[in-house]
1. Quick check on my filter: what residues within region 30-47 are within 15 Å of residue 84 (Cβ to Cβ) and surrounded by 15 or more Cβ atoms within 10 Å (Cβ to Cβ)?
2. In region 81-96, which residue that is more than 26 Å from residue 111 (Cβ to Cβ) and of a type in the set (Gly, Ala, Ser) is surrounded by the most Cβ atoms within 10 Å (Cβ to Cβ)?
3. Of all residues in region 88-133, which are outside any loop (DSSP other than H, G, I, E, B) and in contact with a Phe, Trp or Tyr (Cβ under 6 Å, 6 or more places away or on another chain)?
4. In region 149-173, how many are among the hydroxyl-bearing types (Ser, Thr, Tyr) and part of a helix (DSSP H, G or I)?
5. Pull out all pairs, ordered by first then second residue, where Cβ-Cβ is under 9 Å, the residues are six or more apart or on different chains, the first lies in region 92-114 and is within 22 Å of residue 20 (Cα to Cα) and in the same structural domain as residue 58 (by TED's automatic domain parsing), and the second is assigned to a loop (DSSP other than H, G, I, E, B) and of a type in the set (Asp, Glu).
6. Take residue 160 and tell me if it is charged (D, E, K, R) and loosely packed, with under 12 Cβ neighbours inside 10 Å.
7. Give 125, 100 a once-over and let me know the one that is among the hydroxyl-bearing types (Ser, Thr, Tyr) and more than 16 Å from the chain's Cα centre (by Cα).
8. I'd like to know if region 6-23 contains one or more residues that are more than 16 Å from the chain's Cα centre (by Cα), free of Cβ contacts under 8 Å to residues at least 12 places away in the same chain and assigned to a loop (DSSP other than H, G, I, E, B).
Amino acid sequence: MDQFPDDCLPPEHTYASRDDLFQAINRWAAPRGYAFVTGRSNKGKSGRLTVYFTCDRARRPPSDSRSRIRATCTRSTLCPFSITAKELPDASGWVVRHRSDSQYATHNHTPSTHPTAHPILRRLSKDDKSTISNLTKAGISSKEIRTYIRQHSNSIATQKDISNSIAEARRSSRFGQNTMHALINQLDQEGFWNRMQHILTFFF
């Protein structure tokens with residue numbers, strides 16, 4: 001696919017929640033060679049929120065780090081393609097709205113050849129992350145965890161994405177252990193265990 005299809009814009013449908021809307025527009029975008037990310041938002045006089053969802057290649061490369069510019073400029077094209085999502089007056093849902101200016105309905109780059117080209121589409125779900133965390137705590141090897149996720153998840157996350165999630169789960173687990181050890185040491189220094197022993201001796 002060397003150009004975007006005519007039905008590139010997602011339908012102006014209504015969804016029960018902002019998250020449902022975001023998932024739906026990316027399901028629409030993925031097979032058409034692009035992905036949405038969350039842009040700016042504003043609240044009108046009525047208190048209703050409007051969120052702009054932009055092409056994931058719209059982001060401007062950061063200017064404060066040359067290394068970060070080199071790492072991101074190949075993807076960022078300042079693409080103008082975007083839509084808005086408006087909160088319904090009674091806060092019962094969200095509706096997709098196309099922007100009035102036609103420039104926001106056009107990409108300034110070619111479509112991607114596969115959904116894995118978009119980091120936002122490769123994100124692991126909360127359930128997948130929870131599974132990875134539980135398997136990590138159970139001492140399952142990284143290779144076995146990656147195999148399990150591949151067999152039991154619909155995610156298109158790459159091996160590297162899964163490995164990064166495993167590493168994050170291990171860091172979190174170590175942090176939890178270190179926090180517990182610190183608490184035990186503090187209680188020990190304050191004589192907590194000795195006081196507890198005296199109380200138990202008194203009663204028994």
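1. Within region 30-47, 36, 37, 39 qualify.
2. Filtering region 81-96 for residues that are more than 26 Å from residue 111 (Cβ to Cβ) and of a type in the set (Gly, Ala, Ser), the one surrounded by the most Cβ atoms within 10 Å (Cβ to Cβ) comes out as 93.
3. Scanning region 88-133 gives a single hit, 94.
4. Number satisfying all stated conditions: 4.
5. 95/12; 96/12; 97/12; 98/12
6. Judged against the criteria, residue 160 is a match.
7. Result of the check over 125, 100: 100.
8. Among the residues of region 6-23, at least one is more than 16 Å from the chain's Cα centre (by Cα), free of Cβ contacts under 8 Å to residues at least 12 places away in the same chain and assigned to a loop (DSSP other than H, G, I, E, B), which makes the answer yes.
The values are calculated or read from the model by the stated rules, or taken from the named source; none is laboratory data. Bear in mind that the values here come from a model prediction, so they are computed numbers and not experimental data. A quick note on method: Cβ atoms are made from the backbone with ideal geometry, for glycine too, and the neighbour counts reach across all protein chains shown.
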